[in-house]
1. Which of the residues spanning the stretch 89-134 are closer than 22 Å to residue 156 by Cβ and in contact (Cβ under 8 Å) with a residue 40 or more places away in the chain?
2. State all residues of the stretch 359-381 that are surrounded by 13 or more Cβ atoms within 10 Å (Cβ to Cβ) and farther than 16 Å from residue 300 by Cβ; if no residue qualifies, say none.
3. Closer than 28 Å to residue 195 by Cα and either exposed (fewer than 12 other Cβ atoms within 10 Å of the Cβ) or in contact with a strand residue (DSSP E or B) (Cβ under 8 Å, 6 or more places away or on another chain) (or both): is that true of residue 117 in this structure?
4. Would you confirm whether any residue within the stretch 96-109 is modelled with pLDDT under 95, assigned by TED's automatic domain parsing to the domain that holds residue 150 and under 20 Å from residue 149 (Cβ atoms)?
5. Taking the stated definitions as given, is residue 340 farther than 15 Å from residue 371 by Cβ, surrounded by fewer than 16 Cβ atoms within 10 Å (Cβ to Cβ) and assigned by TED's automatic domain parsing to the domain that holds residue 385?
6. For residues that are assigned to a helix (DSSP H, G or I) and closer than 21 Å to residue 347 by Cα, scanning just the stretch 362-381, find the one that is nearest to the chain's Cα centre (by Cα).
7. Pick from 433, 384, 406: which is modelled with pLDDT of 95 or more, part of a helix (DSSP H, G or I) and closer than 30 Å to residue 286 by Cα?
8. Among 192, 227, which is assigned by TED's automatic domain parsing to the domain that holds residue 150, within 30 Å of residue 399 (Cβ to Cβ), in contact with a helix residue (DSSP H, G or I) (Cβ under 9 Å, 6 or more places away or on another chain) and not in a helix (DSSP H, G or I)?
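The values are calculated or read from the model by the stated rules, or taken from the named source; none is laboratory data. If you're wondering where the values come from, they're calculated on a predicted model, not measured in any experiment. Backbone-built Cβ (ideal geometry, glycine too); neighbour counts: all protein chains shown.
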């Protein structure tokens, strides 16, 4: 039996397996600052793919990108106490202007600021301040803004991509004249998130509304989409909030309506982050490493020249094949490094490349290639004429994409159970419990949450608010 590339396996120690997949795929590493990470080129290439997929859809909704300051005056947060309560313990605060030499020869902070500055944990207040200047009339609405940025929230129990003190995200902030427009926008954004995650990342989810206790601080309603990881735990993968007029009142976002009366705007706030990379790993990866859906994979086809010593002619032959694939819109790379063939094969496996192509002298002479699908493994190995492969490559990648989605959908479906016996379910099982929404008012539910470490994830749209999904979560 061929050993697995990742130790421990998922069955042996899922949390450690997750960390080892990240290491083996060379995605990221911890930084010298506790809770922060360095996203390496392999990981950042996935983030760039996520950005491109979501940014395209965000712009199609009439939203324009902008950029707002990283540092936010502390006084801005005092305007919305309920909102700040959700972030106060996580905020990083700048208190001094500069550094100067200390008495021991080292550096120390100097020149205290008149007002401390908060390193952006989220941007409702600073963007709301700008909206208040930019909105004067009903003609200025709707105003739809998005920014791609980093945010900072101190994390005491960090885990790469899932929970880090600094992370990457997009945050959208829209303003409307009416509550109905704002709520429809919040729902439309969530629908877009769900669709992109499913179609591009092969990540199915359960979209719904957060319970009152789980609603974002300061929001009227929070919409979410929840994914199931391979260990049965939930991952909140993005949220869209209908803020009502709460932030508009705090920030002074007012406009004159058609009758000349002054009104407060209705706002929405929405975002997805780099934790979606964690979702990709925990949904699709296996005991040999990362498994990437082709539509998000930076490298869709890895071409490996199979030779015991450097062979310029064979490498050139492989490069020509890569160029033909690229001309067809397929992201292909040749691994021409001077290293053992097994190491190249394991490298492609660990990186999660959807389709691996092996070409040795025999294949080159015969005008053929050998190809292997990452999702099916060694059993999918096949040899075909080059021209046949060129015509079939796109279809093979589509099959990988659909197979990964089907697997994840099956896992979600088979591990979501209808039950009213929450205590019994979580005492003996994993996965999602779908219970009547009335359990939220049951006094015993508080004890169930404490005993089993579970939380209500959402009230699914599909059930019309009649049920609630309950699970352990990341």
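1. Let us first name the residues in the stretch 89-134 that are closer than 22 Å to residue 156 by Cβ, namely 89-95, 116, 118-122.
Once the filter is applied, which keeps residues that are closer than 22 Å to residue 156 by Cβ and in contact (Cβ under 8 Å) with a residue 40 or more places away in the chain, the stretch 89-134 yields 89, 90, 91, 92, 116, 118, 119, 120, 122.
2. Taking the stretch 359-381 as the starting set, the residues that turn out to be surrounded by 13 or more Cβ atoms within 10 Å (Cβ to Cβ) are 359-361, 363-364, 368-375, 377, 380-381.
If the condition is that a residue be surrounded by 13 or more Cβ atoms within 10 Å (Cβ to Cβ) and farther than 16 Å from residue 300 by Cβ, then 359, 360, 361, 363, 364, 368, 370, 377, 381 are the ones that fit.
3. no
4. no
5. Working: farther than 15 Å from residue 371 by Cβ: yes; surrounded by fewer than 16 Cβ atoms within 10 Å (Cβ to Cβ): yes; assigned by TED's automatic domain parsing to the domain that holds residue 385: yes.
Criteria met by residue 340.
6. 377
7. Going through 433, 384, 406 in turn, the sole match is 406.
8. Only one candidate qualifies: 227.
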